[in-house]
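Asker: For reference, the structure I am asking about is given below.
The values are calculated or read from the model by the stated rules, or taken from the named source; none is laboratory data. As the structure is a computational prediction, the values presented were derived from the model and not from experiment. All Cβ positions, glycine included, derive from the backbone under ideal geometry; neighbour counts span all protein chains shown. Just so you know, the surface numbers come from the protein's heavy atoms only, side chains and all, with ligands and any DNA or RNA stripped out. Shrake-Rupley method; radii C 1.70, N 1.55, O 1.52, S 1.80 Å.
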Amino acid sequence: MPPLLKTINVVKEYDLGDVKIQALRGVSVEVNKGEFLAIVGKSGSGKSTLMHIMGLLDTPTSGEVIMNEINVTNYKEKDLARIRNKEIGFVFQSFNLLPRTSALDNVILPLKYSDVPRNTWRKKAEDMLNMVDLGNRMNNKSNELSGGQKQRVAIARALVNEPSIIFADEPTGNLDSKTGREITDLFSRLNEQGKTIILVTHDEDLAKIAKRQIIIKDGLLNGE
Amino acid sequence: MNFLEIFRSSILSLRANKVRTFLTMLGVIIGVFAVLSLVSLVRGVQNFVTDQFSALGSNLILVAPGRVGFDQDPGLAFANNKLTAENVDRINRDASQYIIGATPNMRLGKTIQYKTKRYLASLVGTNSNFLSITDLEIDYGRAFTKEEEITDAKVLVLGPDVKNELFGNRNPIGEKVKVGDTYMEVIGVLTSKGFNADERVIAPYTTLQKVFNTKNISGITIKAKDSDSIDKAMTEIEIALLQDLKDDEFTVLSQKDILSSIQSILSILSVGIGSVAAISLIVGGIGIMNIMLVSVTERIREIGLRKALGATSMTIGIQFLLESIMISIVGGSIGIFLGFAAAFAAQSFVRAEVPLWAVLLSFLFSVLTGVIFGTYPAIQASKKEPIEALRYE
Ligand SMILES: Nc1ncnc2c1ncn2[C@@H]1O[C@H](COP(=O)(O)OP(=O)(O)O)[C@@H](O)[C@H]1O
Ligand SMILES: [Mg+2]
């Protein structure tokens, strides 16, 4: 079976005027459907940059991104937005929920940018919130939730459009270890249900919950 | 995302930030309110002037000394005043086909004294025809007669304000009041007509000429038979006066002409004041732009997030633009409401009214403000790269 997502020799350069920073110096990765992959590396090694390029939030300076055997590297903004909406879910370290907006409305947000019929939104969002055990917190504003609850809302939001792949960038970085464990358990459970998950973390212990780890160092792959 | 969804998102985000939304609105509210309340106040003044004029009576024609115009010094015209009672007689004779009557008109500011009470009244000298020419009426007592006019009788008719001030509830008929150094007898009291008409004291012009030792009259008041006769009457009056005077020694004006020139001055004033107030709308618009720009920075992570979730630059731009437009529309509506409330409150002083053009114009202006000053922040918002926005701390 062909890989779900793959990068070929991806380079990312930041031009800061007098200096050029090479955040990625030729990275080739393949992700298969149903995989739970961890991208591990020290802070500043280029993990997030790689994830953003794989998640079509950013474009590489050179190299290619292939999704479902289609080269999407040079896709236009509008098409990339559509793929992000339908195929990809993001979970961030700092949750990124809309402030003063209910958990339910936060989960509905990706549906608004999709062509899913409006009358199914609420049901879908409720199902997702139930799945992350927040059925009793749906109408709470995001700022009324604890860190762990916020992250679970964010996960529900990432799942609601039934994407084929989920990216999580340091999802436990703002949580205590117990709550962090709950979140990573949730990812394991989702993976068991067949979701493809890519976890980005600097924490080698945490990375062990993933079935496969790749190590990135100074913008280069440094072993599996 | 269809337009309706973007619209809903805008409302949701405005509602989630009520204080910020209200503060942004405030500029537009004040701007629209200022335009409407000032324009309606000028309207009130305009109505006041019209009311004043119609209190004088209708179909009036006035003759003023000298040449009246914007480039003339009115003081000079009165200093070279050549108008006399003979001119009035000639008008009464020559224009009789079109007029009800003509009366000389003298106006002097004089203190009237009764015992210890004093009142600064407008002392008006006319002939015995004045009741049929002006709209004045006798409440009680009587007007002076032709006989009294010819014999310079020292008699007076008091306006109701003057009577109340000097006599209170007592009957003034037959009492003597002091005008300057001369005692004159009160023979009647006028019916109240409102405004400054009630502050008048009417006496035979002949008496005033004699008492104050002057030959001239300050003008001539003529009443035309009906509104169709006004133009013909004015021509006849002009011809009559030219027999005795040069054409730059008098001016014939109709009440309508005077009123319409005052009205046009006030209209210009109202547009002028409206424009000044419109500047505050522009300031309000700049306020919207400011807050929206701050909002773009403050919500940069939200923009990044929305893009990560599938928003295009276009949907982000439209959402921000709609937010500004809604702020200005709602702000404009509140401003209009407050403007009407102010006009209503002012109603106890003047007949203030809110003209429709001012409502439409200020509403249009406030919407335009939203569009114009919302566009730049919207473009700024839409241009944010998702990564740049998500990284922003
Ligand atoms: N927008 C940017 N401009 C300049 N340098 C950047 C930018 N984004 C990332 N970098 C640099 O690229 C390198 C990799 O960053 P990142 O991918 O965020 O690392 P990690 O997620 O592994 O901590 C770092 O040296 C970082 O400073
Ligand atoms: Mg990182």
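Asker: Hey, B:Ser362 hits all of (1) of a type in the set (Ser, Thr, Tyr); (2) closer than 15 Å to B:Val32 by Cα; (3) within 14 Å of chain A (Cβ to nearest Cβ) but one; which does it fall short on?
Answerer: (3)
Asker: Now, a different point. Looking at the range B:1-44, which of its residues are among the β-branched types (Val, Ile, Thr) and surrounded by fewer than 17 Cβ atoms within 10 Å (Cβ to Cβ)?
Answerer: Step one: of the range B:1-44, the residues among the β-branched types (Val, Ile, Thr) are B:6, B:11, B:19, B:21, B:24, B:28-30, B:32, B:35, B:39, B:42.
Within the range B:1-44, B:Ile11, B:Val19 qualify.
Asker: Do we find a residue being more than 14 Å from chain A (Cβ to nearest Cβ), under 30 Å from A:Lys78 (Cβ atoms) and open to solvent by 60 Å² or more (accessible area, probe 1.4 Å) anywhere in the range B:336-356? Even if it seems obvious, please write down each step before you answer.
Answerer: Initial filter on the range B:336-356 (more than 14 Å from chain A (Cβ to nearest Cβ)): B:336-356.
Remaining after also requiring under 30 Å from A:Lys78 (Cβ atoms): none.
No - not one qualifying residue is present in the range B:336-356.
Asker: Next up: When you check A:Ser28 against the structure, is it within 13 Å of ligand 2 (Cβ to nearest atom), more than 14 Å from chain B (Cβ to nearest Cβ) and polar (S, T, N, Q), yes or no? Before the answer, list the steps.
Answerer: Numbers: within 13 Å of ligand 2 (Cβ to nearest atom): no; more than 14 Å from chain B (Cβ to nearest Cβ): yes; polar (S, T, N, Q): yes.
Judged against the criteria, A:Ser28 is not a match.
Asker: Another one. Can you name every residue in the range A:39-61 that is within 26 Å of A:Arg82 (Cα to Cα), buried (at least 20 other Cβ atoms within 10 Å of the Cβ), more than 9 Å from ligand 2 (Cβ to nearest atom) and more than 13 Å from chain B (Cβ to nearest Cβ)?
Answerer: Result: A:Ile39, single match.
Asker: Hey, among A:Val65, A:Val116, A:Val132, A:Val107, which residue is within 14 Å of chain B (Cβ to nearest Cβ), open to solvent by less than 60 Å² (accessible area, probe 1.4 Å) and under 20 Å from the mean Cα position of the chain (by Cα)? First the steps, then the outcome.
Answerer: On the way: A:Val65 fails: within 14 Å of chain B (Cβ to nearest Cβ); A:Val116 fails: under 20 Å from the mean Cα position of the chain (by Cα); A:Val132 fails: within 14 Å of chain B (Cβ to nearest Cβ).
Of the residues listed, the single one that is within 14 Å of chain B (Cβ to nearest Cβ), open to solvent by less than 60 Å² (accessible area, probe 1.4 Å) and under 20 Å from the mean Cα position of the chain (by Cα) is A:Val107.
Asker: Mind telling me which of the residues B:Ile318, B:Ile303, B:Ile291 ends up being more than 14 Å from chain A (Cβ to nearest Cβ) and of a type in the set (A, V, I, L, M, F, W, C)? Before you say what the answer is, go through the steps one by one.
Answerer: Details: B:Ile318 fails: more than 14 Å from chain A (Cβ to nearest Cβ); B:Ile303 fails: more than 14 Å from chain A (Cβ to nearest Cβ).
B:Ile291 is the lone residue from the list that is more than 14 Å from chain A (Cβ to nearest Cβ) and of a type in the set (A, V, I, L, M, F, W, C).
Asker: For the subset of the range A:11-21 comprising residues that are more than 16 Å from ligand 2 (Cβ to nearest atom) and of a type outside the set (Asp, Glu), which member is nearest to A:Pro163 (Cα to Cα)?
Answerer: Just the residues of the range A:11-21 that are more than 16 Å from ligand 2 (Cβ to nearest atom), to begin with: A:11, A:13, A:15-20.
Still in the running and of a type outside the set (Asp, Glu): A:11, A:16-17, A:19-20.
Numbers: A:Val11: 26, A:Leu16: 35, A:Gly17: 38, A:Val19: 38, A:Lys20: 35 Å.
My answer is A:Val11.
Asker: Here is a check on your reading of the model: is A:Phe167 in contact (Cβ under 8 Å) with a residue 24 or more places away in the chain and touching a Pro at 6+ places or on another chain (Cβ under 8 Å)? Show your work before the answer.
Answerer: Values: in contact (Cβ under 8 Å) with a residue 24 or more places away in the chain: yes; touching a Pro at 6+ places or on another chain (Cβ under 8 Å): no.
So A:Phe167 fails the test.
Asker: Right, something else. Read through the list (1) within 14 Å of another protein chain (Cβ to nearest Cβ); (2) in contact with a Phe, Trp or Tyr (Cβ under 6 Å, 6 or more places away or on another chain); (3) not acidic (Asp, Glu), then give the number of the only condition that B:Lys383 fails.
Answerer: Of everything listed in (1) within 14 Å of another protein chain (Cβ to nearest Cβ); (2) in contact with a Phe, Trp or Tyr (Cβ under 6 Å, 6 or more places away or on another chain); (3) not acidic (Asp, Glu), B:Lys383 misses just condition (2).
Asker: Does B:Gly69 fit the bill of being away from chain A (no Cβ under 14 Å), at pLDDT below 90 and open to solvent by 60 Å² or more (accessible area, probe 1.4 Å)?
Answerer: Working: away from chain A (no Cβ under 14 Å): yes; at pLDDT below 90: yes; open to solvent by 60 Å² or more (accessible area, probe 1.4 Å): no.
In short, no.
Asker: Spot the failing condition for A:Asn71; the list is (1) in contact with a strand residue (DSSP E or B) (Cβ under 8 Å, 6 or more places away or on another chain); (2) of a type in the set (S, T, N, Q); (3) touching a residue at least 12 places away in the same chain (Cβ under 8 Å); (4) away from ligand 1 (no atom under 13 Å from the Cβ), and only one is missed.
Answerer: Unmet condition: (3).
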